[in-house]
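For reference, the structure is listed below as structure tokens.
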């Protein structure tokens, strides 16, 4: 069993209390580059600006490459030797002199304030953590569901058993998008039986409860009813209900920390394998692919841990507190890979608002992993033999997790197993269409520049009842079309904010106005804007895939051919007039109707962002008066 499978919330607190204040000489002499901006200024020099301590220095261009190489805390000698190996310098003879010269140049970068001392950063984090009050415990487990009473019951029983085993006091809420009154009635009966069996508080939000609360919310906040209904209902039939159910959970739990799960997840936990710490970048999610569910279950290391306690290791905590708690196991070094974390390592400058575990079982991915950006070691596992590659081409059965805890501004967003710090304002989800989780992540990162994601090295079982596999056409189909969420992401990320320029509430309002304006343009101009943004985004995706082929050196023919076929199809599709018509809106619709609905959805999502802060405020006031979105069963 790995260290992480044994780690508990109490272990982390004890480690922080007992940490030795003495620093070894090795730690005292370890450095990492700051978060910097670099500009050529002529005379073969660059002006380098540090966001961490804000000095500006002009250094020779050859030293810029050396500075960029210093990701992660190492001694100057280790950085110099690593740089030499990367640029192909022999460390014997004349090469040894170059390594010594590089170490001397690194000392100059320390004097210029462009390298951070691990000791100084650690001490800052310890002092800040010592005065931090711990956040409250997770109050609620929320389940999003639609038309799956049996799977929902299996899910809830597993989480209630975990609650009982670890002495938790959380309640439960179910957000249900079932359209049948009969199914909703059966769900209420099932929930009432679970309440009696486990002695837990359970609330339910079906169609009737959402309709009632939508009216209350509109009246309490003097809000436009169309914006409230857009958040909670799919009245235009755009399809897939995940987003509006997630909005219901956000409104029901406003003011609390809560955990959210899909109804086909099961509270069975797997720890990171002992061999997970390999050659992958510290930030990289690691993947293992299996031929079927049983092979997955046979391969993972199941553990009996407190799921909510795992999330509370990071959720709602100041970044300094996170680093101090995990200092002995290297969270600071992991953070070094995401340079902009450092500018937030001071009290109140940044906190973890969303935490994730990985998953095992169904990946939930839209296409095989060979066409996604994965870490080096994960990719080698996928393509190391034709049989392994063939398995990864049809099987969705995986183990996916990080090898160690990490915090950062980026993550492989997935809402199957996720916890939120909903004590303050979070953005809404798009109420319809798949990919709502990725859009939420982009919106949160854009509008809340002090918000961070936390990834934890455990995985939760994702076990849909029906077998799922990738069809031979799945990959190329993905190259032919874009989804509604992709268009929304293109529009959202076209907006820019300078760090510290405004708070999250103001940014949500500004982003909402931006999308409303885009959605109000003449249709040809709107589509031209979207097309150019999509071309830019897909260009980056193509470049990433080509870089993977180059990094692989001599990739196996079976993988290289498929990647070339995929990139060729994507390039061809990007030139077609219909490429910007979302594939998830097109079925059953006239193409022109789908085009108009796409733009209208952008406009209405903008209106939702403009209304959402007031909507959350009204939900808080209603809660104080005893009115919540979901009703007790």
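Based on the alpha carbons, how large is the Rg to Rh ratio for segment 576-633 when Rh follows Kirkwood?
Working: Rg = 18.1 Å, Rh = 14.4 Å.
Radius of gyration over Kirkwood radius for segment 576-633 works out to 1.26.
Please report the spacing between the Cα centers of segment 351-423 and segment 445-520 in Å, no decimals.
16
Taking segment 96-172 as the region of interest, what is the percent of Cα-Cα pairs per 5 angstrom bin, listed from the shortest bin to the one with the maximum distance?
Computed distribution, short to long bins: 3, 10, 11, 9, 8, 7, 7, 7, 7, 7, 8, 8, 5, 1, 0.
What is the calculated FRET efficiency for residue 226 to residue 68, with r their C-beta to C-beta distance and R₀ = 41 Å, to the nearest 0.05? Write out the running numbers ahead of the final one.
On the way: r = 50 Å, r/R0 = 1.21.
About 0.25, to the nearest 0.05.
For residue 510 and residue 110, what is the calculated FRET efficiency with R₀ set at 51 Å and r taken between the beta-carbons, to the nearest 0.05? Kindly include the intermediate steps, with their values, before the conclusion.
Details: r = 40 Å, r/R0 = 0.78.
Approximately 0.80, to the nearest 0.05.
At 7 Å along Cα-to-Cβ for each site, give me the label-to-label distance between residue 154 and residue 575 in nm.
Result: 4.7 nm between the two label points.
Each label point is 7 Å from the Cα along the Cα-to-Cβ direction; what then is the distance between the points at residue 77 and residue 385, in nm?
4.3
Once fully extended, how much extra length lies between residue 201 and residue 164, figured as 0.36 nm per residue of separation less the alpha-carbon to alpha-carbon distance?
Values: separation 37, 0.36 × 37 = 13.32 nm, distance 1.30 nm.
Here the answer is 12.0 nm.
For the chain, what does the relative contact order come out to in percent, with C-alpha contacts under 8 Å and a separation of six or more?
Values: 1137 pairs, mean separation 109.5, N = 633.
Taking the mean separation of contacting Cα pairs over the length of the chain, I get 17 percent.
Using per-residue counts of other Cβ atoms within 10 Å, averaged over each peptide, order 287-300, 538-551 from highest down.
Working: 287-300: 17.4, 538-551: 13.3.
Per-residue Cβ counts within 10 Å, averaged per peptide and sorted highest first, yield 287-300, 538-551.
Given the Cα atoms of segment 536-633, and with Rh set as the inverse mean 1/r over their pairs in the Kirkwood sense, what is Rg to Rh to two decimals? Write down the numbers at each step before the final one.
Values: Rg = 22.7 Å, Rh = 18.2 Å.
Ratio value, two decimals: 1.24.
Any idea what the relative contact order of segment 140-262 is, in percent, if you count C-alpha pairs under 8 Å spaced at least 6 apart?
Values: 137 pairs, mean separation 44.8, N = 123.
The normalised contact order for segment 140-262 reaches 36 percent.
With the convex hull built on the Cα atoms of segment 396-506, state its orientation-averaged projected area in nm².
Numbers: hull surface 36.5 nm².
With the hull built on Cα positions only, its mean projection is 9.1 nm².
For segment 416-467, compute the orientation-averaged projected area of the C-alpha convex hull (one quarter of its surface), in nm². Please list the in-between numbers first.
On the way: hull surface 20.9 nm².
The directionally averaged projection comes out at 5.2 nm².
Could you work out how much longer the chain between residue 124 and residue 180 gets when fully extended? Use 0.36 nm per residue separation minus the Cα distance between them, nm to one decimal.
Working: separation 56, 0.36 × 56 = 20.16 nm, distance 5.63 nm.
Gain on stretching residue 124 to residue 180: 14.5 nm.
Using only the alpha-carbon atoms of segment 40-162 as identical scatterers, what base-10 log of I(q)/I(0) does the Debye formula give at q = 0.13 Å⁻¹?
With one equal scatterer per Cα and no solvent, log10 I(q)/I(0) is -0.68.
Which percent of Cα-Cα pairs in the chain sits in each 10 Å bin, short to long?
3, 15, 24, 27, 20, 8, 2, 0, 0
Which translational diffusion coefficient, to the nearest whole µm²/s, is obtained for segment 140-262 from the Stokes-Einstein equation, given a Kirkwood hydrodynamic radius over C-alpha pairs, 37 °C and 0.692 mPa s?
On the way: Rh = 15.1 Å.
Rounded to a whole number, D works out at 218 µm²/s.
For the chain, give me the percentage of DSSP beta bridges that are antiparallel, rounded to the nearest 5 percent. Can you show the working numbers first?
On the way: 48 of 72 bridges.
Restricted to the chain, the bridges split so that about 65 percent are antiparallel.
Take peptides 484-496, 396-408, 193-205 and line them up by average Cβ neighbours within 10 Å, highest first, as a rough protection proxy.
Descending mean neighbour count gives 396-408, 484-496, 193-205.
Over the alpha-carbon set of segment 475-612, work out the extent along each principal axis and list the three values in angstrom, largest first.
Principal-axis extents of the Cα atoms in segment 475-612, largest first: 52, 43, 22 Å.
What value, in deg cm²/dmol to 500, does the helix sum -39500 (n - 2.57) over DSSP H runs of n ≥ 4 give at 222 nm once divided by the residues of the chain? Can you show the working numbers first?
Values: 25 runs with 306 residues, N = 633.
That comes out to -15000 deg cm²/dmol.
Tell me, how many Å apart are the Cα centres for segment 191-247 and for segment 558-621?
Segment 191-247 and segment 558-621 have Cα centres spaced 24 Å from each other.
Once fully extended, how much extra length lies between residue 212 and residue 498, figured as 0.36 nm per residue of separation less the alpha-carbon to alpha-carbon distance?
Net length gain for the segment: 98.9 nm.
Values in this text are rule-based calculations from the coordinates and carry no lab data. This is a predicted model, so every value here is computed, not measured. Note that we place each Cβ from the backbone using ideal geometry, even for glycine, and neighbour counts take in every protein chain shown.
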